[in-house]
Amino acid sequence: MRGIYIVGNYPDRESFVKCFDAVISAGYEFVEIGVPFSEPVADGPVIASAVQEALGSGVKAGDVLAGLKTLSKGKAKLYVMTYANIIYNYGIKKFSDDFKDVLSGLIIPDVPNMLHSYFYDQGFEIPLIPFVTPESREEDIKKAAVMQGDFIYFIGIRGITGGSVDLSSPEISERIQQIKAFTDKKIVMGFGIKDKTDADKALKVADGFVVGTAAVKLQKNSAEYSEFVKSLL
Amino acid sequence: MKGFFGDFGGMFVPETLVPALEQLEREFNMLKDDPEFKKDLARYSTTYIGRPSPVYYASRMSEEYGVEIYLKREDLNHTGSHKINNTIAQALLTRYMGKKRIIAETGAGQHGVATATVAALFGLDCTVYMGAVDAARQKPNVDRMKLLGAKLELVHDGSKTLKDATNAAMRDWVKNVEDTHYIIGSVIGPHPFPEMVAHFQSVIGREARASFKEMGFLPDAVVACVGGGSNAIGIFKGFLDTSCELYGIEAGGLSDNEGDHAMAIGKGRAGILHGCVTYLVQTADGQVADVHSIAAGLDYPGIGPEHSYLHGTGRVTYDKVRDEDAVFAFRELARREGIVPAVESSHAIAYVLKNKDKFKGRKVLINLSGRGDKDSERDI
Ligand SMILES: Cc1ncc(COP(=O)(O)O)c(C=O)c1O
């Protein structure tokens, strides 16, 4: 499961759609659309400033969401990555009703696994993707293994997006083996993957990867962007 | 659900922080009634902070306004505000948890100074995040933090105020959670912070209640300013079970227009920020809106979740005071009583002065959450 994170409607709707199409035609299995939120506490400087810039130039979360329905995603799965307040503000049940046919899942960095029930209890039907991090305890991993969502998001580094990850570290492969012992779900590595070498290494230890920061850096230049996303596969 | 006050609260944080928050919850629940911990905390409270703080009858103001005005003197605490009550307690907790580094966010700088102070006291490494705009308007506190040996990280994101400092501190915590404790400075953030900080600040209300008991009567009303709401919850806890009217005063800023005020309850609606569901000043699109207050410590788009809950129950009345009225009260208390209040606390005082007809002849207790040395250099 190889995927790319794209900041929705950044720098503008047209450029965003070009980048989106580039990811689809390159043949990725999934796309994560970032819906801008003004307080991106789990994001590093590159994504945080792209989001600030988008909001500053008038990008609306509501427009990004409305636009999801018009994207031609081919065979790829679509996920939304955003912060809890965006969904809360939209209306938890309403969001689910409006997008359950479009989205395969939702990644919310400020909703920990134990609070997924807060959404499901209010009638949310789109799967929330569980996280495993370097801090996760065995009991956390066991719980994540049986949660909804068609993959587990494995965060390979301590910290926020844009850090660098040591994909050869034994800690990472041990962790992934530990998760595999409890689940048949796919394990997708996020955070810190920036080039083909990293991507290949990630696929050796996990079942997939998602690239964020390194791609967002190029989002303003759709030609370069297109080359970059092809180069990773 | 755990960590909720009715519909508000929770633990909306990155998964990475969950083990640390659960550890904190466990240690807090264990230590808060532990005789050793309580003895330690009591000793630092008396010998270091200078507690108990007195309740002072402001006779000249009272005569002028026709209201019996009592002030709970948190301004007399070491470091100049109520913030030290919480930081000493959390620094002790940090020591019990075996962590070596503390971080904090600060708006007015009072919480930053209080955190830098306890770091020096306990030999902990300390980093304080502060918005660049706040650092410029609270320079005396910036200098104090440096003098105390804290690393100061100026934040240039967003509105360069308290919410941005909080974002930066959260990011630091996510990266360094193994050896770092984040001393949140108000009754905000993920569970267990709102409950824990309220517990450590409830000493204000307990002491005030004891002072009134000695005087042989209760106040008719208790008034406190609300940024995140820690000084307000702290004093309210002493009177929730009485018939006293309780008032929490938000920063009305310049006007009711978006960007001109910081009224989370007055002009906001429920949302999720910095770890909890609570009232939030936000745009129609769900973005956190810019807020403004002349008081850096009130310049925050959210409010503690317990306040959102208390608003819903009607037990506490939330209202506003504008910048100019706070400045008037700031000067008025200085001239009539020889006390320079923090511009944050001046909001609570101003509410009573502005509503003197409502409070006529009644006994009103105002929480003087801090002193105004930090503000007296400013042109207000
Ligand atoms: C003197 C003083 N009062 C009040 C506040 C507001 O905080 P809270 O509402 O948490 O008491 C601050 C915050 O910096 C402060 O410095």
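A few comments on the model shown:
- Over the protein assembly as shown, the Kirkwood radius and the radius of gyration, each from Cα atoms, give a ratio Rg/Rh of 1.00.
- Rounded to the nearest 20, the size of the Cβ-charge dipole of chain B about its Cα centre is 900 debye, with Lys and Arg at +1 and Asp and Glu at -1.
- Label-to-label distance, nm, for residues given as B:LYS146 and B:ARG315 (7 Å Cα→Cβ offset): 4.5 nm
- Of the GluC sites (Glu not before Pro) found in segment A:94-191, those that fall in a DSSP loop while having at most 15 other beta-carbon atoms within 10 Å are A:GLU125.
- Ratio Rg/Rh [Cα only; Rh per Kirkwood] for segment B:4-87: 1.16
- Built from the Cα atoms of segment B:153-237, the convex hull projects on average onto 7.2 nm², one quarter of its surface area.
- Under-5 Å amide H pairs with B:GLU153, H placed in peptide plane, nonlocal only: B:VAL128, B:TYR129, B:MET130
- Model label sites at A:GLU139 and B:ASP373, defined 7 Å from Cα along the beta-carbon direction, differ in position by 4.7 nm.
- Cβ-Cβ FRET estimate between B:ARG26 and A:ASP12, R0 fixed at 60 Å, reported to 0.05: 0.80
- Spatially proximal lysines relative to A:LYS93 (Cα-Cα < 25 Å; intrachain offsets below 8 disregarded): A:LYS60, A:LYS69, A:LYS73, A:LYS77, A:LYS143, B:LYS2, B:LYS267
- Cα lying deepest toward the dipole's positive end in the protein assembly as shown, options B:PRO190, B:HIS156, A:TYR28, charges on Cβ: B:PRO190
- Beta bridges from DSSP with both residues in chain A: antiparallel share about 0 percent, rounded to the nearest 5.
- Residue-count net charge about B:MET196 - beta-carbon cut-off 9 Å; Lys, Arg +1, Asp, Glu -1: -1
- Residue order, fewest to most beta carbons within 10 Å, for A:ILE47, B:ILE349: A:ILE47, B:ILE349
- Dividing the summed helix terms, -39500 (n - 2.57) for each DSSP H run of n ≥ 4, by the number of residues in the protein assembly as shown produces a 222 nm estimate of -12500 deg cm²/dmol to the nearest 500.
- Considering only the protein assembly as shown, percent of DSSP beta bridges that pair antiparallel, nearest 5: 20 percent
- Spatially proximal aspartates and glutamates relative to B:LYS363 (Cα-Cα < 16 Å; intrachain offsets below 8 disregarded): B:GLU63, B:GLU64, B:GLU68, B:GLU214, B:ASP220, B:GLU245
- Longest exposed-site-free window of chain A, the sites being trypsin sites (Lys or Arg not before Pro) in a DSSP loop that have at most 13 other C-beta atoms within 10 Å: A:138-233
- Under the span-like rule (Cα at least 15 Å along the axis, Kyte-Doolittle mean at least 0.0), DSSP H helices of chain B: B:83-97, B:110-122, B:343-354
- Neighbourhood net charge (12 Å Cβ-Cβ; Lys/Arg +1, Asp/Glu -1) for B:GLN138: -2
- Counted over chain B, the DSSP beta bridges are approximately 35% antiparallel.
- Note on chain B: Cα Rg divided by 2.2 N^0.38 Å, N the number of residues, gives 0.90.
- Between segment B:34-61 and segment B:126-156, the C-alpha centres lie 27 angstrom from each other.
- Loop-located chymotrypsin sites (Phe, Trp or Tyr not before Pro) in segment B:195-249 (DSSP state not H, G, I, E or B) with no more than 15 neighbouring Cβ atoms inside 10 Å: B:PHE217.
- Residue-count net charge about B:LEU162 - beta-carbon cut-off 9 Å; Lys, Arg +1, Asp, Glu -1: -3
- In whole percents, the pair-distance distribution calculated for segment A:136-227 from its alpha-carbon pairs, binned every 5 Å from zero, is 2, 14, 23, 22, 18, 11, 5, 3, 1, 0.
- Excluding same-chain neighbours fewer than eight residues apart, the lysines reachable from B:LYS139 by a Cα-Cα span under 22 Å are B:LYS83, B:LYS151, B:LYS160, B:LYS163, B:LYS374.
- In segment A:82-233, taking the dipole from charged Cβ atoms about the Cα centre, the farthest positive-side position among A:VAL216, A:SER96, A:LEU203 is held by A:VAL216.
- Shown is the FRET efficiency for A:THR70 and A:LEU233, computed with R0 = 30 Å from the Cβ-Cβ distance and rounded to the nearest 0.05: 0.70.
- At R0 = 51 Å, FRET efficiency that the Cβ-Cβ distance of A:ASP166 and B:THR242 yields, to 0.05: 0.30
- All Cα-Cα separations within segment A:79-233 were binned at 10 Å from zero, giving a P(r) of 10, 37, 35, 17, 1, each value a whole percent of the pairs.
Where a number appears in this text, it was derived from the coordinates with a stated rule and is not lab data. Quick caveat: nothing in here was measured; it's all calculated off a predicted structure. When we count neighbours, we look across all protein chains shown, and the Cβ atoms used for this are built from the backbone with ideal geometry, even at glycine.
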